[in-house]
Amino acid sequence: MNLTELISAHVDASAERIAQTLCDLLAFPSIVKVDPREAGPGERDCQLYLQQRLASLGMETDLWDPDGPALYAKYQGRPGANKGRTFEGRPNLGGTLSGAGGGKSLMLTGHIDVVPPGPPEHWLSDPFVPEIKNAAVYGRGAVDMKGGVACMLMAVELLQDLNIRLAGDVVFTTVVDEEIGGMGSLAMVDRGFKADAGIMTEPTANRISPICHGILWGRIILDGIGGHAELTPNSWDSSGPVDAVMLCRQMLDGLDVLNRRWQTQPSKNHPLMELPNQIIVTQLKVGEHPASIAGRAEIVIDVQYLPSEKDEMGLGGNVKKEIEAHVAKVCALDPYLARHPARVEWILDADCAEIEADHPFVTTFQQGVTDAALNPQLAGFGAHSDIGLPSTLGQTPTVNFGPGDPAMSHQPNEHVPIADLVACTKAIALTLVRWCGTAS
């Protein structure tokens, strides 16, 4: 039995341990709060659990609450620098397992914050009481992305079981704040964690994804003129009312036009991405009273952009201008909106990255994935992930690769097949050996 076969057999035999590690992580309700100054109820406890696991592997660990205001002051205007973040009770965790020397280093990284579970009645069981059923692990964060965190931890642990000492260092980091902008990853990079290459275990259905989207969150505000809904209105250019619901419909139609243009626009498409960039309406707020014409509408949008569209600061400024110009054109078509144009307020800009397909780590990782009997063909990651921060600021070329169907992310009854967890763990373990080398 050669080394690849030995590692593969041991990972296969450890499926129950891998699944149980994920269950341990899912039991912590590490919910990211809408208010970034508040700690989620389980964020610190989850990181303390992981710190203990890393220490048991002989890693030198670092658990710290980042200084949000200081980071913002240092990196203002650059990726990951979001105003108003505080991290009391929301620690990041880093660990380093020193190699024997002479090998390349690899960083395994992920986030432990999860989105809120939503209405309890949409779940078949408690989202924070993990269950194993139908050969899968159920719970909030199973796919996004505690499943990946469990795999990267178990890959290192299972290699140690076999007394395989790597030549290069293994760097292990888990961050918070990813679900609301990525400042946890900025803090991780600023802390000095880096390696010759990196794997971020976001859910990709166990496909290597060297590219992700950047995202913009924006708010389009339309001011009408409120009034009684049941009475005859005056003219729009006198006292009105002017219905903000109708203005909202006009703007939504205008956004649909731009989405249709983007479907075939070369700059909005990438050969590894299944879909073109999109403007996705995620929230609507309109109206004040059942008997009143709505006086204001707010449309919240999630806009995707590609690495090729980044501005000089590495962010989505060019796409912001494109959206603002289109909103202005929609307003120009309506006499009322021409006088009272919509306003666009930007909430978040989270960057993106692309690692070249022929990068030495990408090709090495493809070999490891092949050894694990997985598909080595590259794929795009359609959502945002934090690979941009370690790849650019941290000079650690990082790709996405993790277990689970990405479409299950943020859904009720989120779950990941145990077979996916085992395959991911195996691919990471085999790639650690290939990239870092082993001590003679």
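The values are calculated or read from the model by the stated rules, or taken from the named source; none is laboratory data. Just so you know, these numbers come straight off a predicted model, no measurement behind them. Please note: Cβ atoms are built from the backbone with ideal geometry, for glycine as well, and neighbour counts cover all protein chains shown. Heavy atoms of the whole protein, side chains included, go into the accessibility calculation; ligands, DNA and RNA do not. Shrake-Rupley method; radii C 1.70, N 1.55, O 1.52, S 1.80 Å.
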- Message: From the alpha carbon gyration tensor of segment 87-152, can you work out the equivalent ellipsoid semi-axes (sqrt of 5 times each eigenvalue) and give them in Å, largest to smallest?
- Response: 32, 17, 8
- Query: With a Cα-only, solvent-free Debye model of segment 214-350, what are the log10 I(q)/I(0) values at q = 0.09, 0.18, 0.21 Å⁻¹?
  - Reply: -0.31, -0.97, -1.21
- At q = 0.13, 0.28, 0.31 Å⁻¹, what is the base-10 log of I(q)/I(0) for segment 328-374 according to the Debye formula with one equal point scatterer per Cα and no solvent? Please give it to two decimals. -0.57, -0.95, -1.04
- Expressed as a rounded percentage, what relative contact order does the chain have, with Cα pairs under 8 Å and six or more residues apart? 25
- Let me know the shape class of segment 235-283, please: from the alpha-carbon gyration tensor, a ≥ b ≥ c as square roots of the eigenvalues, rounded when a/c is under 1.5, otherwise prolate if a/b is greater than b/c, or oblate. prolate
- Query: Normalised by the number of residues in segment 138-297, what is the relative contact order in percent for Cα pairs under 8 Å and 6+ residues apart?
  - Reply: 21
- Stretchable slack from THR232 to ASP35, in nm (0.36 nm times residue separation minus alpha-carbon distance): 66.7 nm
- Item | Heavy-atom accessible area per residue - the chain, 1.4 Å, Å² | 41
- Message: With angles folded into 0 to 90 degrees, how steeply does helix 3-13 sit against the dominant principal axis of the chain? Use alpha carbons for both and round to 10.
- Response: 70
- The size of the Cβ-based charge dipole (Lys, Arg +1; Asp, Glu -1) of segment 214-350 about the Cα centre, to the nearest 20 debye, is 180
- Note on the structure: With the convex hull built on the alpha-carbon atoms of segment 17-69, volume per residue in Å³ sits at 81
- Task: For the chain, build the charge dipole from Cβ charges (+1 Lys, Arg; -1 Asp, Glu) around the Cα centre, then report which of ASN413, ILE323, LEU247 sits farthest towards its positive end.
- Result: ILE323
- Where does helix 146-161 land angle-wise versus the long Cα axis of the chain, in degrees 0 to 90, nearest 10? 10
- Helix-only [θ]222 nm of the chain, DSSP H runs n ≥ 4, -39500 (n - 2.57) each, per residue, nearest 500: -10000 deg cm²/dmol
- Message: Going by average Cβ density within 10 Å per residue, which order do the peptides 131-138, 384-391 take, highest to lowest?
- Response: 384-391, 131-138
- Query: Residue by residue, what Karplus-based ³J(HN,Hα) values in Hz, rounded to whole numbers, does segment 92-99 have, using 6.51, -1.76 and 1.60 with θ = phi - 60° and x for Gly and Pro?
  - Reply: 8, 9, x, x, 10, 10, 5, x
- Message: Strictly under 4.7 angstrom between C-beta atoms: which cysteines of the chain have no such partner?
- Response: CYS23, CYS46, CYS212, CYS248, CYS331, CYS352, CYS436
- Note on the structure: In the neighbourhood of ASP67 defined by beta carbon distances under 15 Å, the net charge of the other residues (Lys, Arg +1; Asp, Glu -1) is +1
- Item | Net length gained if the chain between GLN76 and ASP256 were fully extended (0.36 nm per residue, minus Cα distance) | 61.5 nm
- Query: Taking the Cα atoms only, what angle lies between the long axis of helix 43-56 and the longest principal axis of the chain, rounded to 10 degrees?
  - Reply: 20
- Paired Rg and Dmax values of the chain, which use every Cα atom, in angstrom: 23.7, 88
- Message: With the cut-off at 1.5 for a/c, could you classify segment 1-157 from its C-alpha gyration tensor as rounded, prolate or oblate?
- Response: oblate
- Query: When only the heavy atoms of the protein chains count and the probe is 1.4 Å, how do ASP126, ASP223 rank by accessible area, highest first?
  - Reply: ASP126, ASP223
- Of LYS146/LYS194; LYS83/LYS329; LYS285/LYS329; LYS146/LYS426; LYS74/LYS310, which sit over 27 Å apart, Cα to Cα? LYS83/LYS329
- Query: Given the options GLY317, GLY148, GLY84, which has the most mean-square fluctuation in a GNM of the chain, springs set between C-alpha atoms less than 10 angstrom apart?
  - Reply: GLY84
- Note on the structure: Hull volume per residue for segment 264-410, using the convex hull of the C-alpha atoms, in Å³ is 157
- Query: What is the set of long-range amide H partners of LYS33 at a cut-off below 5 Å, with H atoms built 1.01 Å from backbone N?
  - Reply: GLY40
- Note on the structure: Sorted by chain and then number, the residues having a modelled amide H within less than 5 Å of the amide H of ASP113, at least 5 places away or on another chain, are ASP177, GLU178
- Message: Using a 7 Å offset from the Cα along the Cα-to-Cβ direction at both ILE280 and ARG17, what is the distance between the two label points in nm, to one decimal?
- Response: 3.7
